[in-house]
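Asks: Right, I'll just put the structure down here and ask away after.
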Amino acid sequence: MSATAVSLELRSLSVRFPGDIDAVRGVSLTIEEGERIAILGANGAGKSSLLLAAAGLVPFEGEVIVDGTTLRRSTSRALRPRIGFLFQNPDDQLFLPTLGEDVAFGPRELRLSEDDVLRRVAAALDAAGLRGAESRNPHRLSGGEKRAAALATVLAMEPGLLLLDEPTTGLDARAARSVVAKLSRLDATLVIATHDLDVARALATRAIVLESGEMRADGSIEDLLDDRDRLERFGLA
């Protein structure tokens, strides 16, 4: 896949949902091009909300800056293709009769030539380990295959920033290892929200810990995961 990694900066990012629920509270964070970051935290810590805001998929306060450009209504059309979002539930990204159509949907929305669309579909399916599966019905795939198929729909956009929400949830150990292996080969900047510490260790070099929507730690993934007391304090062990 020909993607150029991009940077991401969050400045005082906050997300509030109806009912005065503060899901994310004033998070500031800089992620360099090509970095691999794990967003950790107990259930309800704000991990998914932070990723959704970083992709511009929910309203937020503060600033989201992608590769030096602030994400706002006037810039979202240009920035969206550079941001890939993998939802926790792959069925949220698979909605057409065949896998080939699903993977081609995004590139066609960019009004690319059909030759370019087909090139991207083939490359994305190859990267996701689903070469030759264009005619399969996505909803008849196994859990691991669905996760890989959803990843292919994202990769076909050739994003420089990948935001991954619990990419191995619900998978058995073998399928999870397969997804991790696919992600580890990508060149894009990766931001992975996960409760699985083994996945975090395998994919990330840096960890951000959220608690009640606030950032509580930022540092080496190895330092954090080797500190049992801190893991227990954050509800991660």
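Asks: If I take all pairs of Cα atoms in the chain, what percentage of them are more than 27 Å from each other? Could you put the intermediate results ahead of the total?
Replies: Numbers: 9173 of 27966 pairs.
Counting every Cα pair in the chain, those more than 27 Å apart make up 33 percent.
Asks: Can you give the accessible area per residue of the chain, in Å², using a 1.4 Å probe?
Replies: Numbers: 11210 Å² over 237 residues.
With the other protein chains kept in place, the chain gives 47 Å² per residue.
Asks: Which whole-number percentage describes the relative contact order of the stretch 127-234, with Cα contacts under 8 Å and a sequence gap of 6 or more? Walk me through the intermediate numbers first.
Replies: Values: 104 pairs, mean separation 20.7, N = 108.
It comes to 19 percent, rounded to a whole number.
Asks: If packing is taken as the average number of other Cβ atoms within 10 Å across a peptide's residues, how do 142-149, 203-210, 153-160, 110-117 rank, most packed first?
Replies: Working: 142-149: 20.0, 203-210: 21.9, 153-160: 24.4, 110-117: 12.1.
Listed from highest to lowest mean packing, they are 153-160, 203-210, 142-149, 110-117.
Asks: Using R₀ = 30 Å, calculate the FRET efficiency as 1/(1 + (r/R₀)^6) where r is the Cβ-Cβ separation of Glu32 and Arg140; round to 0.05.
Replies: Details: r = 40 Å, r/R0 = 1.35.
Efficiency computed from Cβ-Cβ geometry: 0.15.
Asks: Another question about this same structure. Computed FRET efficiency, Cβ-Cβ of Phe17 and Leu96, R0 41 Å: what is it to the nearest 0.05?
Replies: Values: r = 30 Å, r/R0 = 0.73.
According to the calculation, E is roughly 0.85.
Asks: Then there's this: How high is the FRET efficiency between Leu118 and Thr70 when r is their beta carbon distance and R₀ equals 25 Å, given to the nearest 0.05? Working shown, then result.
Replies: On the way: r = 34 Å, r/R0 = 1.37.
Working from the Cβ atoms, E equals 0.15.
Asks: Suppose every Lys and Arg Cβ carries +1 and every Asp and Glu Cβ carries -1, with no other charges. What dipole size does the chain come out with about its Cα centre, to the nearest 20 debye?
Replies: Numbers: 29 positive and 36 negative charges, 94 e Å.
In total the dipole reaches around 440 debye.
Asks: In the stretch 53-85, which trypsin sites (Lys or Arg not before Pro) fall in coil by DSSP and have 14 or fewer other Cβ atoms within 10 Å? It would help to have the intermediate numbers written out before the result.
Replies: Details: sites: Arg72, Arg73, Arg77, Arg82; in loops: Arg72.
Those satisfying the criteria are Arg72.
Asks: Before rounding to the nearest 500, sum -39500 (n - 2.57) across all DSSP H runs of length at least 4 in the chain and divide by the residue total; then give [θ] at 222 nm in deg cm²/dmol.
Replies: Details: 9 runs with 83 residues, N = 237.
Theoretical 222 nm ellipticity from helices: -10000 deg cm²/dmol.
Asks: What is the distance in Å between the Cα centroid of the stretch 160-209 and that of the stretch 221-236?
Replies: Taking the Cα centre of each part, the stretch 160-209 and the stretch 221-236 sit 18 Å apart.
Asks: How many nm is it between the label spots at Asp218 and Leu231, if each spot is 7 Å from the Cα in line with the beta carbon?
Replies: About 2.4 nm, to one decimal.
Asks: With a cut-off of at most 13 other beta carbons within 10 Å, and DSSP calling the residue loop, which chymotrypsin sites (Phe, Trp or Tyr not before Pro) in the stretch 64-160 qualify? Please list them.
Replies: Working: sites: Phe85, Phe87, Phe95, Phe105; in loops: Phe87, Phe95.
Within the stretch 64-160, the qualifying chymotrypsin sites (Phe, Trp or Tyr not before Pro) (loop, at most 13 other Cβ atoms within 10 Å) are Phe95.
Asks: Viscosity 0.890 mPa s, temperature 25 °C: Stokes-Einstein D of the stretch 175-237 from its Kirkwood Cα radius, in µm² per second? Walk me through the numbers before you get to the answer.
Replies: Numbers: Rh = 12.5 Å.
This corresponds to a translational diffusion coefficient of 196 µm²/s.
Asks: Provide the percentage of antiparallel DSSP beta bridges, counting only those with both residues in the chain; round to the nearest 5. Kindly include the intermediate steps, with their values, before the conclusion.
Replies: On the way: 20 of 37 bridges.
Roughly 55 percent of the DSSP beta bridges within the chain come out antiparallel.
Asks: Place a label point 7 angstrom from the Cα of Glu61 along the Cα-to-Cβ direction, then list the residues of the stretch 25-45 whose backbone nitrogen is under 11 Å away.
Replies: 25-26
The values are calculated or read from the model by the stated rules, or taken from the named source; none is laboratory data. What you see is a predicted model; the values in this text were computed from it and never measured. Cβ coordinates were reconstructed from backbone atoms using ideal geometry, including for glycine residues, and neighbour counts include every protein chain displayed. What goes into the accessible areas is simple: the full protein's heavy atoms, side chains included, and nothing from ligands, DNA or RNA. Shrake-Rupley method; radii C 1.70, N 1.55, O 1.52, S 1.80 Å.
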